[in-house]
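A.B. asks: Take a look at this one; I'll ask things after.
The values are calculated or read from the model by the stated rules, or taken from the named source; none is laboratory data. Not measured: the values here are computed from a predicted model. With ideal geometry, Cβ positions are generated from the backbone for all residues, glycine too; neighbour counts draw on all protein chains shown. For accessibility, only protein heavy atoms count, side chains too; no ligands or nucleic acids. Shrake-Rupley method; radii C 1.70, N 1.55, O 1.52, S 1.80 Å.
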Amino acid sequence: MSVTNTWGATLLAPDRTRFRLWAPDADEVGLEIEGHSSLPMQAAGEGWFEAEAPVGPGARYRFRVSSDLAVPDPASRLQAGDVHDASVVVDAAAYRWRNAEWRGRPWHETVLYEVHAGAMGGFAGVEAALPRLKELGVTAIELMPVNDFPGRRNWGYDGVLPYAPDTAFGTPDELRSLVDAAHGLGLMIFLDVVYNHFGPDGAYLHAYAKRFFDEGIHTPWGAAIDFRQEPVRAFFEENALAWLRDYRIDGLRFDAVHAISEADWLDLLATRIRSELPDRHVHLVLENERNAARHLRPKGGFDAQWNDDGHNILHPLLTGEREGYYEDFCDDGAEKLAKVLAEGFLFQGQLSGHLGAPRGEPTAGLPPTAFVLFLQNHDQVGNRAFGERLAALADPRALQAATALLLLCPQIPMLFMGEEWGATAPFLFFTDHNAELAPLVTQGRRKEFAKFAAFQDPAKRETIPDPNAESTFRNSIPNVEEATHAPHDAALALHRRLLTLRRERIMPHLPGAKALGAQAVGAAAVVARWRLGDGSTLTIACNLGAEPARATGEGEALFESMAGAAGTLATGELPARCTVALLSQG
């Protein structure tokens, strides 16, 4: 049977379920189960209501919180339709695991591959792709949020029922099957979870649990979630544990935690997860605009943070773009890249001109594996007006050089679906909102780009794809058949070769690795060095610019993105748009 939880429906026996709801603004709450008489729920103190009923898996239910409002369970494990429909009792222990002995893989072996489950054909489609991804050389598939959102198409960040896999992607057992199959291939599954806000359609908590939110703190999505409240903390802690226990997910990526006002709660969450799952490799990763390095230290309990600074430096070096948040990163790019390679974050407490405030904390003492580096992800591609990927924006040789830096650098690398073959499909922002909300989302999306030079003309903004059009989603699906044809096959071969080198020559020696420093050697060129755990030294010389740079390096030529580049480097010159990796024994 299921683990007993504070929130939601807990199966006590095959034909008996306990239901609980925190509804401090409701005078009384009724339990409505389809095919049964309505049951009054008993007040259990401090805003809680509970009831037991003689029903088992498959029972459909709602909570009546007022005479004119019956709501789904905010901790629903499955919906009988969409976010406004009835919730369904689920037996989380019914699935028979084929790889029950799996305990995960250590963090240093992680090579992430971020995917949108819907654009991959749902949970079954991702499962079918696992052998291909294993052959590529990734070790962990990271799913964008899969919890229930309104409509059939969404990035997942508009979710309102954090416990329930959206049926647009498949059933709960199809998600379990995906995880099970991954484990059978030696792959990990990570999941992106959103604890900083609820979506705009279907978040009924506002109606009966106003204390769930702090009206004194506002975020881009409205009032902040109030993590000072014990029931609120329990709601999200139990959610994290549900994904890790009930679905055997290997790692969680926590979205935009800078929007969580009670930052100390994050460390308490990590502590609870690790104390309750001590016998597994469970990996916890942050997205945090604040660059709060304290969470990445042993007392914080998190393995790593997405290194947006690294991306935001590499992107202007590859594309020349300067607008928006790139204004903090586009000047002196090589010097900034050197700092990121040597220290992880660029911003460690200094003033951000874009934000108009200091940003970040010192990273001294953190290993390179405390940072997840990437050239592309759902945000950095999908938040562009037309969703262009780097293959459409950057010089091909420079992109190859940057890819080599990404996949051989001791920071943890992440690829975005289709990146490995240079997919031509964009990745656009897509939703499926109701008739009232849809036009507001479309207008808001286009208004976001009004401050950019290319979209000053209102007519040009009207050409930005409508997020709610089904074609916007369809156009975002990568065509894997491209990978069999030139030039995509060469890009795929490059990624496979680099990931093989990482697996065989670098990955085993990442425990204990530390940066030895990095220097800018040109306007877009750096040389970085790391001492690996076996005492060897990894040197990466990367030049993303159009002119050669003066640089030297010693050691075995592990990789060169241009034939003869290692020999040229030995003479003191690093060719344009080229990366050379060297390995020397201690």
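A.B. asks: In vacuum, with every alpha carbon of the range 386-479 counted as one equal point scatterer, what does the Debye formula give for log10 I(q)/I(0) at q = 0.19 Å⁻¹? Two decimals, please.
C.D. replies: Summing over Cα pairs of the range 386-479 leads to -0.97.
A.B. asks: Among the DSSP beta bridges whose two residues both lie in the chain, what percent are antiparallel, rounded to the nearest 5?
C.D. replies: 70 percent
A.B. asks: Also, I was wondering about something else. With θ set to phi - 60° and the Karplus curve 6.51 cos²θ - 1.76 cosθ + 1.60, what are the ³J(HN,Hα) couplings of the range 143-155 in order, to the nearest whole Hz, using x for Gly and Pro?
C.D. replies: Coupling constants for the range 143-155: 8, 4, x, 10, 6, 4, 10, x, x, 9, 9, 5, 5 Hz.
A.B. asks: Under 20 Å between alpha carbons, and skipping anything fewer than 8 positions from Lys447 in its own chain: which lysines qualify?
C.D. replies: Partners within reach: Lys460.
A.B. asks: At a Förster radius of 30 Å, what calculated FRET efficiency corresponds to the Cβ-Cβ distance of Phe452 and Asp331, to the nearest 0.05?
C.D. replies: 0.95
A.B. asks: Right, here's the next one. Ordered by residue, what ³J(HN,Hα) values in Hz, to whole numbers, does the range 435-450 give under the Karplus form 6.51 cos²θ - 1.76 cosθ + 1.60, where θ = phi - 60° and Gly and Pro are x?
C.D. replies: Here the 3J(HN,Hα) series is 4, 7, 7, 4, x, 5, 5, 4, 5, x, 4, 6, 5, 4, 9, 5 Hz.
A.B. asks: Here is a further query. Between Asp68 and Ala357, what is 0.36 nm times their sequence separation minus the Cα-Cα distance? Round to one decimal in nm.
C.D. replies: Numbers: separation 289, 0.36 × 289 = 104.04 nm, distance 4.65 nm.
Between Asp68 and Ala357, full extension yields an extra 99.4 nm.
A.B. asks: State, as an integer percentage, the relative contact order of the range 187-242 based on alpha-carbon contacts under 8 Å between residues 6 or more apart.
C.D. replies: Relative contact order for the range 187-242 comes out at 26 percent.
A.B. asks: Just read off the accessible area of Met562 with the full protein assembly in place, 1.4 Å probe, to the nearest 10 Å².
C.D. replies: 60 Å²
A.B. asks: Suppose every K and R has +1 on its Cβ and every D and E has -1 on its Cβ; what is the size of the dipole of the range 114-160 about the Cα centre, in Debye to the nearest 20?
C.D. replies: Here the size comes out at about 140 debye.
A.B. asks: Another one. For the range 1-57, what is the charge dipole size about the Cα centre, in debye to the nearest 20, if Lys and Arg each add +1 at the Cβ and Asp and Glu each add -1 at the Cβ? All intermediate terms of the calculation are to be shown ahead of the outcome.
C.D. replies: Details: 3 positive and 9 negative charges, 58 e Å.
Result for the range 1-57 is approximately 280 debye, rounded to the nearest 20.
A.B. asks: Per residue, how many Å² of accessible area does the range 13-128 show with a 1.4 Å probe?
C.D. replies: 43 Å²
A.B. asks: Enter the angle in degrees (range 0 to 90, nearest 10) between the Cα long axis of helix 396-408 and the first principal axis of the Cα atoms of the chain, meaning the one along which they spread out most.
C.D. replies: Rounded to the nearest ten degrees, it is 70.
A.B. asks: Starting from one equal scatterer on each C-alpha and no solvent at all, send me the Debye-based log10 I(q)/I(0) for the range 440-579 at q = 0.09, 0.10, 0.19 Å⁻¹, two decimals.
C.D. replies: Scattering profile of the range 440-579, log10 relative to I(0): -0.52, -0.61, -1.04.
A.B. asks: If you keep only loop residues by DSSP, which trypsin sites (Lys or Arg not before Pro) in the range 293-362 have at most 14 other Cβ atoms within 10 Å of their Cβ?
C.D. replies: Here the sparse-neighbourhood loop sites are Lys299, Arg322.
A.B. asks: As a test of reading the structure, rank Glu142, Glu327, Glu560 by solvent-accessible area (1.4 Å probe, protein chains only), most first.
C.D. replies: Values: Glu142 0, Glu327 95, Glu560 60 Å².
Sorted descending by solvent-accessible area, the residues read Glu327, Glu560, Glu142.
A.B. asks: Which order do the peptides 517-526, 548-557 take when ranked by the mean count of other beta-carbon atoms within 10 Å per residue, highest first?
C.D. replies: Ranking the peptides 517-526, 548-557 by packing returns 517-526, 548-557.
A.B. asks: Residue by residue through the range 385-393, what is 3J(HN,Hα) from phi via Karplus (6.51 cos²θ - 1.76 cosθ + 1.60, θ = phi - 60°)? Round to whole Hz and write x for glycine and proline.
C.D. replies: Rounded to whole hertz, the list is 4, 10, x, 5, 8, 4, 4, 9, 10.
A.B. asks: Which pairs in the list Lys336/Lys514; Lys339/Lys514; Lys134/Lys299 are over 22 Å apart, alpha-carbon to alpha-carbon?
C.D. replies: Details: Lys336/Lys514 19 Å; Lys339/Lys514 14 Å; Lys134/Lys299 33 Å.
From the list (Lys336/Lys514; Lys339/Lys514; Lys134/Lys299), the Cα-Cα distance tops 22 Å for Lys134/Lys299.
A.B. asks: To the nearest Å, what is the center-to-center distance of the range 310-376 and the range 400-466, using C-alpha atoms only?
C.D. replies: 20 Å
A.B. asks: Another question, then. Which semi-axis lengths, in whole Å and largest first, follow from the square roots of five times the eigenvalues of the Cα gyration tensor of the range 305-462? Present the calculation step by step, with values, prior to reporting the outcome.
C.D. replies: Working: eigenvalues 166, 75, 48 Å².
Calculated on Cα positions only, the semi-axes equal 29, 19, 16 Å.
A.B. asks: First check a/c for the range 346-405, with a ≥ b ≥ c the square roots of the eigenvalues of its C-alpha gyration tensor; if it is under 1.5, answer rounded, and if not, answer prolate when a/b is larger than b/c or oblate otherwise.
C.D. replies: Judged from the Cα gyration tensor, the range 346-405 comes out oblate (a/c at least 1.5, b/c at or above a/b).
A.B. asks: For the residue pair Glu504 and Ser37, what label-to-label distance in nm results when each label sits 7 Å from Cα along the Cα-to-beta-carbon direction?
C.D. replies: The answer from the label model is 7.3 nm.
A.B. asks: Nearest 10 degrees, 0 to 90: what angle lies between the long axis of helix 122-136 and the longest principal axis of the chain (Cα atoms)?
C.D. replies: 20 degrees
A.B. asks: Collect residues whose amide H, placed 1.01 Å from N in the peptide plane, falls under 5 Å from the amide H of Ser352; neighbours closer than 5 in sequence don't count.
C.D. replies: When sequence neighbours closer than 5 places are left aside, the close amide H contacts are Ala357, Arg359.
A.B. asks: I've got another one for you. When every alpha-carbon pair in the range 116-209 is counted, what percent end up more than 15 Å apart?
C.D. replies: Summing the P(r) of the range 116-209 above 15 Å gives 59 percent of all pairs.
A.B. asks: Of the heavy-atom accessible surface of the range 392-551 (probe 1.4 angstrom), what whole percent is carbon and sulfur?
C.D. replies: Carbon-and-sulfur percentage of accessible area, whole number: 55.
A.B. asks: If you don't mind, there's one more thing I want to ask. Which cross-chain or sequence-distant (5 or more) residues have an amide H under 5 Å from the amide H of Ala86, H modelled 1.01 Å from N in plane?
C.D. replies: Amide H to amide H, under 5 Å and 5 or more residues apart or across chains, Ala86 pairs with Ala80.
A.B. asks: With n ≥ 4 as the cut-off for DSSP H runs, can you work out [θ] at 222 nm for the chain, using -39500 (n - 2.57) per run divided by the number of residues, rounded to the nearest 500?
C.D. replies: Working: 14 runs with 144 residues, N = 586.
Value at 222 nm, helices only, nearest 500: -7500 deg cm²/dmol.
A.B. asks: Another question, if that's okay. Report the gain in length on full extension from Arg474 to Trp97: 0.36 nm times residue separation, minus Cα-Cα distance, nm rounded to one decimal.
C.D. replies: Extending this stretch completely gives an extra 132.4 nm.
A.B. asks: A further question on this structure: How much of the accessible area of the range 14-161, in percent, comes from carbon and sulfur atoms when a 1.4 Å probe is used?
C.D. replies: Ligands and nucleic acids excluded, carbon and sulfur reach 46 percent.
A.B. asks: If you don't mind, another one. Based on the Cα gyration tensor of the chain, what are the three equivalent ellipsoid semi-axes, each the root of five times an eigenvalue, rounded to whole Å and given largest first?
C.D. replies: 43, 25, 23
A.B. asks: If you don't mind, another one. Check Ala44: other-chain or 5+ apart residues with amide H under 5 Å from its amide H, H built from backbone geometry?
C.D. replies: Answer set, sorted by chain and number: Phe49, Glu50.
A.B. asks: Let me ask something else about it. Kindly rank 106-114, 300-308 from highest to lowest mean number of other beta carbons found within 10 Å of each residue.
C.D. replies: 300-308, 106-114
A.B. asks: Further, regarding this structure: Order Glu388, Glu335, most accessible first, counting only protein heavy atoms with a 1.4 angstrom probe.
C.D. replies: Most to least solvent-accessible, the answer reads Glu335, Glu388.
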